[in-house]
1. Among the residues of region 9-18, how many are surrounded by 20 or more Cβ atoms within 10 Å (Cβ to Cβ) and either farther than 20 Å from residue 122 by Cβ or touching a strand residue (DSSP E or B) at 6+ places or on another chain (Cβ under 8 Å) (or both)?
2. With respect to residue 53, determine if the residue is more than 10 Å from ligand 1 (Cβ to nearest atom), closer than 20 Å to residue 92 by Cα and at pLDDT 95 or above.
3. Considering only region 52-61, I want to know if a residue exists there that is among the β-branched types (Val, Ile, Thr), within 16 Å of ligand 2 (Cβ to nearest atom) and under 17 Å from residue 135 (Cβ atoms).
4. Can residue 103 be described as modelled with pLDDT of 95 or more and either in contact with a strand residue (DSSP E or B) (Cβ under 7 Å, 6 or more places away or on another chain) or among the basic types (Lys, Arg) (or both)?
5. Is it true that residue 121 is touching a Gly at 6+ places or on another chain (Cβ under 9 Å), closer than 26 Å to residue 167 by Cβ and either of a type in the set (Val, Ile, Thr) or away from ligand 2 (no atom under 16 Å from the Cβ) (or both)?
6. Can you tell me which residue in region 112-152 is farthest from ligand 1 (Cβ to nearest atom), limited to those that are farther than 21 Å from residue 54 by Cα and part of a loop (DSSP other than H, G, I, E, B)?
7. Out of curiosity, is residue 22 within 8 Å of ligand 1 (Cβ to nearest atom), out of contact with any Phe, Trp or Tyr (no Cβ under 8 Å at 6 or more places or on another chain) and among the basic types (Lys, Arg)?
8. Could you please give the count of residues in region 167-185 that are more than 17 Å from residue 21 (Cβ to Cβ) and more than 9 Å from ligand 1 (Cβ to nearest atom)?
Amino acid sequence: MNITFIGPPGCGKGTQAALLSRRTGLPSVSTGDLLRDAVARRTHLGIQARSYMDQGLLVPDSIIMGLIEEVLMSPEAQGGILMDGFPRTPAQAEAVDRALGARNARVDAVLRIDVPEDDLVQRLVGRAREQGRSDDTPETIRQRLAVYREQTAPLVAYYEDRGVVLDIPGTGTVEAIAERIGTALGL
Ligand code: AP5
Ligand code: MG
């Protein structure tokens, strides 16, 4: 199965992808984590991506496309993959379709995790205290939320037409949400 998590910053994509990965054995890949790693290692990709990330903006498709193709073509992804935080734009969704289509696969489920905005901000401010992620500042959090609403949320319509969107209420305990995801996927 190829499953993608779509939801605003702080909705729990990373948390739930890790749990679902343990449950299903499918690898989970986050473009955000890959980009943060590239920034830390000061690779060409990292140098290009950094200022966008620090401003809470999407890294341009022209930069992300190669990364997505690399992830989906990798041997680990051939048996299915959990996509945490991608695709995020229509062009990325088309790139995912092309890469999966090349091996007669498709996006089987889109998990849309919904959490009220006040809760999101509270979670991210909490994480900033614990982990110090450079884009977890109040101003950048607001920008990331706006970017999600404007650029990524509309993408759900692309998948709704195919009937693969599963709506997951994202408040409650981590375990309760994992249970909802398992039920929605028929696990
Ligand atoms: P990315 O790393 O994807 O960040 P994001 O979408 O802003 O989401 P987060 O990782 O902040 O939140 P999450 O939904 O994973 O929640 P988490 O489980 O951590 O992207 C970062 C940046 O990289 C982007 O802004 C962009 O610049 C760039 N980028 C990445 N992918 C891109 C792409 N495809 N195209 C272009 N640019 C891209 O949970 C959050 C916190 O809440 C944690 O502390 C967690 O412990 C806590 N928590 C989780 N669940 C619960 C719960 N049920 N109750 C209470 N607390 C909870
Ligand atoms: Mg994340």
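The values are calculated or read from the model by the stated rules, or taken from the named source; none is laboratory data. All of these numbers come straight from a predicted model, not from anything done at the bench. Because the Cβ atoms are built from the backbone with ideal geometry, glycine has one as well, and the counts that use them run over all protein chains shown.
1. From region 9-18, those surrounded by 20 or more Cβ atoms within 10 Å (Cβ to Cβ) are 9-13, 16-17; that's our starting set.
Still in the running and either farther than 20 Å from residue 122 by Cβ or touching a strand residue (DSSP E or B) at 6+ places or on another chain (Cβ under 8 Å) (or both): 11-13, 16-17.
Of the residues in that region, 5 qualify.
2. Numbers: more than 10 Å from ligand 1 (Cβ to nearest atom): no; closer than 20 Å to residue 92 by Cα: yes; at pLDDT 95 or above: yes.
Against the criterion (more than 10 Å from ligand 1 (Cβ to nearest atom), closer than 20 Å to residue 92 by Cα and at pLDDT 95 or above), residue 53 does not qualify.
3. Of region 52-61, the ones among the β-branched types (Val, Ile, Thr) are 59.
Subsequent filtering for residues that are within 16 Å of ligand 2 (Cβ to nearest atom) retains 59.
So of that shortlist, the ones also under 17 Å from residue 135 (Cβ atoms) come out as 59.
Scanning region 52-61, I find at least one residue that is among the β-branched types (Val, Ile, Thr), within 16 Å of ligand 2 (Cβ to nearest atom) and under 17 Å from residue 135 (Cβ atoms), so the answer is yes.
4. no
5. Working: touching a Gly at 6+ places or on another chain (Cβ under 9 Å): yes; closer than 26 Å to residue 167 by Cβ: yes; either of a type in the set (Val, Ile, Thr) or away from ligand 2 (no atom under 16 Å from the Cβ) (or both): yes.
Yes: the conditions hold for residue 121.
6. The first filter runs over region 112-152 and keeps only residues farther than 21 Å from residue 54 by Cα, leaving 112-116, 118-119.
Of the ones still in play, those that are also part of a loop (DSSP other than H, G, I, E, B) are 115-116.
Working: 115: 8, 116: 12 Å.
For region 112-152, the residue satisfying everything is 116.
7. Details: within 8 Å of ligand 1 (Cβ to nearest atom): no; out of contact with any Phe, Trp or Tyr (no Cβ under 8 Å at 6 or more places or on another chain): yes; among the basic types (Lys, Arg): yes.
Here the answer is no, as residue 22 does not meet what is asked.
8. Let us first name the residues in region 167-185 that are more than 17 Å from residue 21 (Cβ to Cβ), namely 167, 169-173, 176, 183.
Then keep just the ones that are more than 9 Å from ligand 1 (Cβ to nearest atom); that gives 167, 169, 183.
Number of matching residues: 3.
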